[in-house]
Amino acid sequence: MNKYELLFVLDPTLEETAKTAAVDTVKGIIAADGEVTEVNEWGLRKLAYPIQKKTEGYYVVMQFTAGPALPKELDRRLRISDSCMRHIIVNKDE
């Protein structure tokens, strides 16, 4: 099992229930083949540059452990998600 960190930015126009549902969906994807160790919801923050004509985004950071195949599937699912504007997955193993 490898350690990973996921940062994703959700659309700020989503309602609170939709944001919670998006975070729970990502947790579910990870839980299928790994384990979520920590979730930090940073909340609404200003973006460094406009994305889709929006200047703010809802930031969420997750720490998790999983096998080497999970990040590729997670990346695929986040790319097709309408609620996720940007994401990055980093391998934290040294």
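Among the GluC sites (Glu not before Pro) in segment 1-81, those located in a DSSP loop and surrounded by at most 11 other Cβ atoms within 10 Å of their own Cβ are Glu15. Against the empirical 2.2 N^0.38 Å (N residues), segment 32-73 has a Cα radius of gyration ratio of 1.54.
In the distance distribution for segment 2-91, Cα-Cα pairs more than 23 Å apart total 18 percent.
Given +1 at the Cβ of Lys and Arg, -1 at the Cβ of Asp and Glu and no other charges, the dipole of the chain around its Cα centre is 400 debye to the nearest 20. In the chain, a dipole from Cβ-located charges (positive for Lys and Arg, negative for Asp and Glu) runs towards its positive end, and of Val36, Asn2, Val60 it is Val60 whose Cα lies farthest in that direction.
What does the helix-only formula give at 222 nm for the chain: each DSSP H stretch with n ≥ 4 adding -39500 (n - 2.57), the total divided by the residues, and the result rounded to the nearest 500 deg cm²/dmol? Dividing the helical sum by the residues of the chain leaves -9000 deg cm²/dmol.
Close Lys pairs in the chain, defined as Cα atoms under 18 Å apart and 8 or more places apart or on different chains, number 9.
Every number in this text was worked out from the coordinates using simple rules, so none of it is lab data. Since the model is a prediction, treat every value here as computed from it, not as a measurement. Don't worry about glycine lacking a Cβ; one is built from the backbone with ideal geometry, like all the others, and counts go over all protein chains shown.
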